[in-house]
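One structure is given below, encoded as structure tokens.
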Amino acid sequence: MSSTVEQADLHAPGKGHTVTITVNNKAVEVIGPKATGLQIKEAAIAQGVEIQLDFQLSQELPSGETRIIGDTDVVTVNKKSVFTAVAGDDNS
């Protein structure tokens, strides 16, 4: 039996430590330091944030701008990470 660890797995999204981020003004724990948009939405839903998987996720950047995060996009998360998820037809 081999005890070799695949190098790719060490830096894959979802392999790391728990990080508390904010999604729609609610604290959500995800496995960081990297997570995909889909992993963030799944964690938020599992922890009671009233969103759906087809919602559009955006990250609020320190500059005040926002960046759209796709389901397969990988982002670095930390305790200051703030995300908003809205229905795709919401024009607000």
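The values are calculated or read from the model by the stated rules, or taken from the named source; none is laboratory data. Worth saying up front: this structure is predicted, and the values here are computed from it rather than measured. Please note: Cβ atoms are built from the backbone with ideal geometry, for glycine as well, and neighbour counts cover all protein chains shown.
Restricted to segment 63-89, and to residues that are over 14 Å from the mean Cα position of the chain (by Cα) and free of Cβ contacts under 8 Å to residues at least 12 places away in the same chain, which residue is farthest from residue 19 (Cα to Cα)?
89
Those residues that are surrounded by fewer than 19 Cβ atoms within 10 Å (Cβ to Cβ), among the aliphatic types (A, V, I, L, M) and either within 18 Å of residue 87 (Cβ to Cβ) or within 12 Å of the chain's Cα centre (by Cα) (or both), I need them from segment 52-62; list them, please.
Once the filter is applied, which keeps residues that are surrounded by fewer than 19 Cβ atoms within 10 Å (Cβ to Cβ), among the aliphatic types (A, V, I, L, M) and either within 18 Å of residue 87 (Cβ to Cβ) or within 12 Å of the chain's Cα centre (by Cα) (or both), segment 52-62 yields only 53.
Checking residue 1 against (1) in a strand (DSSP E or B); (2) at pLDDT below 95: exactly one of these is not met. Which one?
Evaluating residue 1 over (1) in a strand (DSSP E or B); (2) at pLDDT below 95 leaves (1) as the failure.
Does residue 44 satisfy being modelled with pLDDT of 95 or more and closer than 19 Å to residue 87 by Cα?
yes
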